[in-house]
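Peer 1: Let me give you the structure first, and then I'll get to my questions.
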Amino acid sequence: MKSPLLSLPGAVPAEGVDEGVAAHYGDLFREQRALADGTGFVDLSHRGVITVSGEDRLSWLHLLLTQHVSELPAGEATEALVLSAHGHIEHALYLVDDGTTVWAHVEPGTQDALVAYLESMKFFYRVEVADRTGDIAVVHLPAGSIADVPDGVVVRETAYGRDLFLPRADLESYAATHGPAAGLLAYEALRVEHHRPRLGFETDHRTIPHELGWIGTAVHLQKGCYRGQETVARVQNLGKPPRRLVFLHLDGSEVHLPAPGTEIRLADEGPDGRRIGFVTTSARHHELGPVALALVKRNIPVDARLLAGETAAAQEVVVEP
């Protein structure tokens, strides 16, 4: 779904899964600094939006999600996962309940499969699931923003800012009075800085929550059964995940950032050494320079010098080995 804000001056379209919104509006670092200062907004209108209404909505979702939501207070933001039977991550939901309806935004293009799964699990519960992507756009206001929120708009507020579930028809008028607009590259650079994983970027077909630090934030360890819980409990109580998320400070002398999927090796073994992981997201940060998130084997020493492709990298622990 193509955003009307791509018509703003300087807008350069994003590519891949983020196609449909602006990657930037002509000045990546200025846009980052604006977000870090609590000004402007980010157009996330390409993300999927679903709602769950009905009096059983919270108790029903509690049975399906990794998060404890049966008593979720109205207005309190949380995040949750849907796992496979083997504990691998299939969906990530960023949600809030407004007192009558649960609102969630999800990765672009994943809403159809998620709605289909939820519909298949309704049985006799009094719930209604709806895909609202066509009429609701997600807009992000950074932490510290004092921008007003239009009446009636549902807000999901976190330590990283506020996500607005804005009527899609109001997107252009909102942008005209709440600029400056910041592109997705600026938003992603701050996400990397804060070590926040993203479905489809930091995950692959075999990722489990422990590898990414999603235990506690998106996975509640003291709740009832849900699909994939056996794997979560077994790894938590009896073992360690095979991989761990790390934050990388990259050599700033390199012109190109290592692309997602770039293989990581130990610097002492050189570029032909054994593969120990891969880059998941890379970004240029306005203060930190080139940085990245990556998945590496759990037993790699935390002080080991790494190579991301041919780029030297120093690691910072995100998930403890």
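The values are calculated or read from the model by the stated rules, or taken from the named source; none is laboratory data. Keep in mind the model is a prediction, meaning the values are calculated, not measured. Virtual Cβ from ideal backbone geometry, glycine too; neighbours counted across all protein chains shown. SASA here: full protein model, heavy atoms, side chains in, ligands and nucleic acids out. Shrake-Rupley method; radii C 1.70, N 1.55, O 1.52, S 1.80 Å.
Peer 1: What length, rounded to one decimal in nm, is gained on full extension from S70 through to T100, with 0.36 nm per residue of separation minus their alpha-carbon distance? Let's see the in-between values first.
Peer 2: Values: separation 30, 0.36 × 30 = 10.80 nm, distance 1.34 nm.
Answer, rounded to one decimal: 9.5 nm.
Peer 1: Mind putting together the pair-distance distribution for segment 178-321? All Cα pairs, 10 Å bins, whole percent per bin, short to long.
Peer 2: In whole percents, the pair-distance histogram is 11, 40, 31, 14, 4, 0.
Peer 1: Remind me, what semi-axes does segment 240-321 give for its equivalent ellipsoid, largest first in whole Å, using sqrt of 5 times each Cα gyration tensor eigenvalue?
Peer 2: Working: eigenvalues 69, 42, 22 Å².
Each semi-axis is the square root of five times an eigenvalue, giving 19, 14, 11 Å.
Peer 1: To continue, here is another question. Which lysines have a Cα less than 29 Å from the Cα of K240, not counting those fewer than 8 places away in the same chain?
Peer 2: Those lysines meeting the cut-off are K223, K297.
Peer 1: Please compute one quarter of the surface area of the Cα convex hull for segment 89-135 and express it in square nanometres.
Peer 2: Numbers: hull surface 15.5 nm².
With the hull built on Cα positions only, its mean projection is 3.9 nm².
Peer 1: Per 0.36 nm of contour for each residue apart, how much would the distance between K240 and Y117 grow if the chain were fully extended, relative to their Cα-Cα spacing? Each step should come with its number before you reach the end.
Peer 2: Values: separation 123, 0.36 × 123 = 44.28 nm, distance 2.94 nm.
Fully extending the segment from K240 to Y117 adds 41.3 nm.
Peer 1: Return the distance in nm (one decimal) between the two label points of a simple spin-label model at A259 and R275, each offset 7 Å from Cα along Cα→Cβ.
Peer 2: Result: 1.5 nm between the two label points.
Peer 1: Now for a separate question. If you wrap a convex hull around the alpha carbons of segment 122-180, what volume per residue comes out, as a whole number of Å³? Kindly include the intermediate steps, with their values, before the conclusion.
Peer 2: Details: hull volume 6.5 nm³, N = 59.
Convex hull volume per residue, Cα atoms: 110 Å³.
Peer 1: Ratio of alpha-carbon Rg to the 2.2 N^0.38 Å globular estimate for the chain, to two decimals, please. Mind dumping the intermediate values first?
Peer 2: On the way: Rg = 20.0 Å, N = 321, 2.2 N^0.38 = 19.7 Å.
Output field value: 1.01.
Peer 1: Right, next: Work out from phi, with θ = phi - 60° and the Karplus expression 6.51 cos²θ - 1.76 cosθ + 1.60, the ³J(HN,Hα) of each residue of segment 239-249, listed in order in whole Hz, and give x for Gly and Pro.
Peer 2: For segment 239-249, the Karplus-derived couplings read x, 10, x, x, 10, 9, 6, 10, 9, 10, 9 Hz, x marking Gly and Pro.
Peer 1: Which of the peptides 80-93, 8-21 is most tightly packed, and how do the rest follow, judged by the mean count of other Cβ atoms within 10 Å per residue?
Peer 2: Values: 80-93: 20.6, 8-21: 15.5.
Taking the mean over residues of other Cβ atoms within 10 Å, the ranking is 80-93, 8-21.
Peer 1: Mind giving me the nanometre distance, one decimal, between the label points for D204 and D251, set 7 Å out from Cα along Cα→Cβ?
Peer 2: 2.4
Peer 1: Consider a paramagnetic label point 7 Å from the Cα of F29 along Cα→Cβ; state which residues of segment 1-23 have an amide N under 13 Å from it.
Peer 2: Answer for segment 1-23: none.
Peer 1: Dimensions of segment 1-148 along principal axes (Cα, Å, largest first)?
Peer 2: Principal extents (Cα only, largest first): 51, 31, 30 Å.
Peer 1: Give the accessible surface of the chain per residue, rounded to a whole number of Å², with probe radius 1.4 Å and ligands, DNA and RNA excluded.
Peer 2: 44
Peer 1: Roughly what would the spin-label model give for D131 and H86, points 7 Å off Cα along C-beta, in nm?
Peer 2: 2.7
Peer 1: Run the accessible area of the chain with a 1.4 Å probe and give the carbon-and-sulfur part as a rounded percent.
Peer 2: Details: 7350 of 14160 Å².
C and S fraction of accessible area: 52 percent.
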